[in-house]
Amino acid sequence: MSDAKVTRDGLEGTRPGREARLWSQGAELDDSGDAPNSVRVGWGAGQRRQRRRNDGEFSSYYGEPIINPPVWGERDIAGYLFAGGLAGASSILAAGGDLSRRPRLARRCKLCAAGALGVSLVALVHDLGRPERFVNMLRTFKPTSPMSIGSWLLAVYGPLNAAALLSDVFRRAPRAGRTASVAAGALGAGVASYTGALIANTAVPAWHGGHRELPFLFVASAASAAAGFALIAAPAAESDPARRLAVLGATSEIIAEQVMERRLGMVAETLHQGKAGRRLKTAKALTVLGALGAATLASRSRLAASLSGAALLTGSALTRFGLFEAGMSSARDPKYTVEPQRERLAAQAVPDPQA
């Protein structure tokens, strides 16, 4: 406790270094009790002052993040996002193979879907810490919760894909197996897209700001990955759907990413900086090269098909890991939380000329 005494001449008996300062040394408070060169953030009773530095940028108290970054492990969650998307899109391609009488394409895509689903579940459970936590998520069904919807999608999709695969491998109940394959393909679209809605439903600026585009981006990236695997594993005589899906997925992925960048505004900086920027730049190059190879050389050369497929798979994985890192970077830097909020408040304060 301080021993300082208040006198007519000021404080006496102060101990240097013990009196806390709200702002930088020498800063004075204005008439409202706030520090100058600061901006009010929030609404109602939750309003607080956010200091603006002289260079026009923002810093939070003690330089700490304004929001709590997710505690997710990168390898577990980014791997879960990639593997889940690969599984869902592979089931769509497998259903197409069944319906178009391409049995080897369908079987290998079912195997890919089963393996990728297993990897995604292992990664998810490892991040949760205990397997029963996944089971606990099935106790309720909440349509407004991406986590709840995703849990139920996985719980229904997994057995359907397994039934389709077992029927194909053991050549039993072909009609039931084909029905299960088509049903798994129908649910595969949801499995590939719900993870985009899941991370967009957070307060992380780079994810929440792209909530409209992320599901489309994830589906397109998953389609590229599934097509890439099929180009590697399926025979050339049956890989025509995979080549078409590769071009469609890559094109849609690039368009969705560009639209998301424009909507993010200044937060899009996180997609081009540091580790996230390197990953996403490499991912885009590999995706374009893979799609070009699939469209031109894959039908004539087995080596070209395999290289194109590997490029598409690697590009899709780097997209998920890059987006994960970009989101974490935006959560750690206070300006990506404050600046967009200020812009929205300023836009609301501008009167409508047509009013």
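Scanning region 254-288 for residues that are under 17 Å from the mean Cα position of the chain (by Cα), buried (at least 20 other Cβ atoms within 10 Å of the Cβ) and farther than 17 Å from A206 by Cα yields a single hit, A283. Screening region 179-192 for residues that are buried (at least 24 other Cβ atoms within 10 Å of the Cβ) and touching a residue at least 40 places away in the same chain (Cβ under 8 Å) and picking the one that is farthest from A331 (Cα to Cα) gives S181. What tally of residues in region 54-92 results from selecting those that are part of a loop (DSSP other than H, G, I, E, B) and modelled with pLDDT of 85 or more? Result for region 54-92: 4. Scan V219, V247 and give me the residue that is hydrophobic (A, V, I, L, M, F, W, C) and closer than 26 Å to P146 by Cβ. Answer to the selection: V219. Note on region 258-273: residues that are farther than 27 Å from A294 by Cβ and part of a helix (DSSP H, G or I) amount to 9.
Here is a yes/no grid of residues against (1) out of contact with any Pro (no Cβ under 9 Å at 6 or more places or on another chain); (2) closer than 26 Å to G177 by Cα; (3) without any contact (Cβ under 8 Å) to a residue 40 or more places away in the chain; (4) surrounded by fewer than 16 Cβ atoms within 10 Å (Cβ to Cβ):
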residue: R101; (1), (2), (3), (4): yes, yes, yes, yes
residue: A123; (1), (2), (3), (4): yes, no, no, no
residue: D127; (1), (2), (3), (4): yes, no, no, no
residue: M137; (1), (2), (3), (4): yes, no, yes, no
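Within this structure, R212 passes the test of being surrounded by fewer than 21 Cβ atoms within 10 Å (Cβ to Cβ) and under 26 Å from the mean Cα position of the chain (by Cα). A count restricted to region 62-115 and to residues that are acidic (D, E) and within 22 Å of V156 (Cβ to Cβ) stands at 1. Can you name the residue in region 305-342 that is of a type in the set (D, E, K, R) and touching a helix residue (DSSP H, G or I) at 6+ places or on another chain (Cβ under 9 Å) and is also surrounded by the fewest Cβ atoms within 10 Å (Cβ to Cβ) among such residues? Here the residue is E339. Whether a residue is surrounded by 13 or more Cβ atoms within 10 Å (Cβ to Cβ), of a type in the set (S, T, Y) and farther than 21 Å from V219 by Cα was assessed, and S167 passes this test.
Here is a yes/no grid of residues against (1) of a type in the set (D, E, K, R); (2) assigned to a helix (DSSP H, G or I); (3) at pLDDT 95 or above:
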| residue | (1), (2), (3) |
| --- | --- |
| V182 | no, yes, yes |
| A189 | no, yes, no |
| A203 | no, no, no |
| A220 | no, yes, yes |
| A226 | no, yes, yes |
| L231 | no, yes, yes |
| L248 | no, yes, yes |
| T251 | no, yes, yes |
| A256 | no, yes, yes |
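One residue stands out among those in region 218-248 that are in contact (Cβ under 8 Å) with a residue 60 or more places away in the chain and farther than 16 Å from S306 by Cα: the one that is surrounded by the fewest Cβ atoms within 10 Å (Cβ to Cβ), which is V219.
The lone criterion from (1) within 17 Å of the chain's Cα centre (by Cα); (2) modelled with pLDDT under 95; (3) surrounded by fewer than 17 Cβ atoms within 10 Å (Cβ to Cβ) left unmet by R302 is number (1).
Annotation: of all residues in region 154-164 being surrounded by fewer than 19 Cβ atoms within 10 Å (Cβ to Cβ) and in contact (Cβ under 8 Å) with a residue 24 or more places away in the chain, the one that is farthest from K110 (Cα to Cα) is V156.
The values are calculated or read from the model by the stated rules, or taken from the named source; none is laboratory data. Since the structure is predicted, the reported quantities are computational estimates derived from the model, not experimental observations. Quick reminder, even Gly has a Cβ in these numbers, built from the backbone with ideal geometry, and neighbours come from all protein chains shown.
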